[in-house]
1. Mind listing the phi-derived Karplus ³J(HN,Hα) values for the stretch 178-187, rounded to whole Hz, using 6.51, -1.76 and 1.60 with θ = phi - 60°, and x for any glycine or proline?
2. Keeping all protein chains in the complex and leaving out DNA, RNA and ligands, what accessible area do you get for H74 with a 1.4 Å probe, in Å² to the nearest 10?
3. Roughly speaking, what % of Cα-Cα pairs in the stretch 157-259 are separated by over 20 Å, rounded to a whole number?
4. Can you compute the modelled spin-label distance between V405 and E177, with each label point 7 Å from Cα toward Cβ, in nm?
5. Using a simple spin-label model with points 7 Å from Cα along the Cα→Cβ vector, what separation in nm is obtained for A253 and D278?
6. Between A413 and S379, what is the spin-label point distance in nm, taking each point 7 Å from the Cα along the Cα→C-beta axis?
7. Using only alpha carbons, build the gyration tensor for the stretch 328-379 and give me the equivalent ellipsoid semi-axes, biggest first, whole Å.
8. So how exposed is E220, as accessible area in Å² (1.4 Å probe, rounded to 10)?
Amino acid sequence: REAPFHRQHLETCTDQRERSGRTTGTLFSLQETHGKMSSTGHLLCRCISLGLLALCWSSSSGSGASAAEIGRPHSTVIDLTADNFDDHLSDPANGLWFLKFYAPWCGHCKTLAPTLDKVAPFLSGKMAFGKIDCTTHKPLCKRFGVQGYPTLKIFRDGDYFMYPGKRDADSIINFAERMAASELTLVTTHDEALSSVADRGDDGVGFVAYDPDAKGTTLEEISQSTTYLQVFQQVARKLQAEATFGLLGPDAAKVDLAKFAPPSENGGGKFITKLERDADGKFFSAPNEEVNSVDLISFVREHNVALVTELGPHNFRSMGDRRMPVAIAVRDPDDAAKSDALVADLRQFAKNGEPAIRHRYLYAKMDGKRWGTFLSQFSIEQSNLPELFVLDIANKKYFENSTIVGVEKFLTAVAKGEIEEREQEGGSPGFLKKIEQVFVKHTALSVFGIVSLIILSLFLVLPGAEDLEAATSAAAAAAATASN
């Protein structure tokens, strides 16, 4: 499905650019033909041509929102303003919105723009796209607590929440299709739960519920047959943007129930569990034996992260919100064998390490080459890859020591305070910072250079003896003229 879409879209975009190009050529050919007209007429022609060009460009880009767009699925990215925002988001024809709060000067916003333009027509009827210029509509952006650009939010059922996925076209499409589908997937085996629920999650994580007292054969019948499953479905609906959810049918075989490894005290009864390949399950424990949506939402959000997650822009903020240091294996794409070994050791420690140590951390991996500029803030050198370090995102602190080899040894040393805590360095030094570093490194030569520059400036700027004599004579002459 996806490959034909990309080809179709590229053809459409190319055709639009060609049409725009022909229009532009026609307009400027018209000017060239009448190049001998008067300057006033020439100027008028240019203004008309540029106006028509702007109009054509505006029409082809699909920006702007009119009253006619209310009541039908959108196929372009809509310009949302304080005047039309509430009307558009209350439109029944567009129940799910992807909102981009941006600033025109923001580089990341500009990078994202063509991606949204590309997926908007493909997802028409499933998810609408809107953009809000925060330099123009500041009160609207303040209303949604926008602090950085782009801020990406999802709107559905009266709720606003952060977009949790990656920013490439395929990820946005997969997210929209998941939101357009049922919030629950009915499964009958453990393997089906892994492939249809966990593997569909953004981080390879899903949540599955089972109640032996459930009745029925269809998804709707089973999910509504007990209070336990009703609450699970409500939470699945509310958190559909963040996680994937499955329902294990009541006729599941005992051999499959055993693969979920429910707690022994469960006695084969109902359960809700986090599911991930090659990782132990995490089971929800309802207080007072009664499940409620508040506690279940907290459970899902706490555990909706892989044992070793891929850290990037899409989840950096949410990982920081967990307020736990992150042990990060920085891979070297040019040395896959060593990198895979480091990630495997990190995963093994996260799963079976000493509880007093391993429970202190979250675990992640990163591409050291792709995110090299970001990693330079933490003294990560390309020559030392692959390497392990610990990052406290919330407090902008980190622990790095490339001489301590081994996951367990390194993380134990961090936990015991044997590795110095350091401040985040703020990225690669800018131009002025580099000058400062050179000055400090070569102080003697720098001082000599500055003194020489000052002397040379004085020599060039201050007047010489002849200049002073000429200036004195001119002043005397001016004074004599004034006295006469």
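The values are calculated or read from the model by the stated rules, or taken from the named source; none is laboratory data. Because the structure is a prediction, the values reported are computed rather than measured. Cβ placement follows ideal geometry from the backbone for every residue including glycine, while neighbour counts extend to all protein chains displayed. Ligands, DNA and RNA are excluded from the accessible area calculation, which covers all protein heavy atoms including side chains. Shrake-Rupley method; radii C 1.70, N 1.55, O 1.52, S 1.80 Å.
1. 5, 5, 7, 8, 5, 6, 10, 10, 7, 10
2. 10 Å²
3. Working: 2059 of 5253 pairs.
Above the 20 Å cut-off, the stretch 157-259 has 39 percent of its Cα pairs.
4. In this crude label model, V405 to E177 measures out at 4.5 nm.
5. Distance between the two pseudo-spin positions: 2.6 nm.
6. It is 1.1 nm.
7. Square roots of five times the eigenvalues give 23, 14, 6 Å.
8. For E220, solvent-accessible area is about 140 Å².
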